[in-house]
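Quick notes on the structure that follows.
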Amino acid sequence: MAVQTLGRHSPPARRAVAKAAASGSASPAPATAPASATSATREQILAAAAKLFAQQGYATTTLRQIADAAGIKAGSVYYHFEGKDDIAACVLDGGIAAMTAAVHQRLAALPPAAGQRQRLVAAIEGHLLGMLQHSDFTAAHIRIYRYVSDAARARHHGVRSAYTRLWDELLTAAAAAGALRADVPVPLIRQYLVGALNWPVDWYDPRRGSVAQLAAQISALVFDGIGIGPRRSGGSIGNPGSAADLRKGPRP
């Protein structure tokens, strides 16, 4: 899984370039491993860190544990990252990036005439696919976000905010089209929905149904609720009622 890298050089290379610039000498050409090998090792470190963060949290995971799990020496981690905060920020980015890409992919696959409900169902499926196919990164994101340093959260803020905006735009368009209740603020709907979508990473079992089936079930709960009382007008899965109908309540 590709994750965002920060800067053109590894930490030691950046320090060498900075030292040369400060002394007024030409920037040295630091001896580095081939780019492909460096990138592969970096991905090994991030995959190992994501698994450990997901399993045991942020505070109890050490750089030595990450290095051991990645099959490298502990000191070699610093060739690729500045420390645990740097690794954590990249793992957080990786978790959100996987879901963002999957949501965009599902939306792009829809026909041009797809309605707002179809778009939300596609986004729900994309979120679940991205999360469950890269479960270590997404589980790590859910588990460690509130525990990492302020600096790591600040580094990750742009990626996280972009995903929040994506959902806000989808939900705002759905509410404007009458596919969602207009009397509930979009941020509240987003927090409720995305929060609920995050937890299958802990309990989803593919033997009990596909991700598409899970997405369809969650979508039905979102649009049609869990009650079995009198139906709202047009409350079937294929034809949700308007916001005005929902405000009036169920008809006899």
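The values are calculated or read from the model by the stated rules, or taken from the named source; none is laboratory data. Just so we're clear, the structure is a prediction, and the values are computed from it rather than from any experiment. Virtual Cβ from ideal backbone geometry, glycine too; neighbours counted across all protein chains shown. To get the accessible areas, we keep the full protein, side chains included, count just its heavy atoms, and leave off ligands, DNA and RNA. Shrake-Rupley method; radii C 1.70, N 1.55, O 1.52, S 1.80 Å.
Structure above, values below:
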{"read-out": "Surface per residue (accessible, 1.4 Å probe) for segment 100-239, Å²", "value": "56"}
{"read-out": "Full-stretch length increase - ALA220, GLN191 - with 0.36 nm per residue and alpha-carbon distance subtracted", "value": "8.7 nm"}
{"read-out": "Rounded percent of accessible protein surface that carbon and sulfur make up, segment 54-196, 1.4 Å probe", "value": "54"}
{"read-out": "Theoretical gain in end-to-end length, THR164 to GLN213 [0.36 nm per residue, Cα-Cα removed]", "value": "15.2 nm"}
{"read-out": "Förster radius 35 Å - calculated FRET efficiency between ALA176 and GLN65 (Cβ-Cβ, nearest 0.05)", "value": "0.10"}
{"read-out": "Order of exposure, largest accessible area first, which applies to SER39, SER219 with probe 1.4 Å", "value": "SER39, SER219"}
{"read-out": "Listed peptides 52-65, 129-142 by packing density, highest first (mean Cβ within 10 Å)", "value": "129-142, 52-65"}
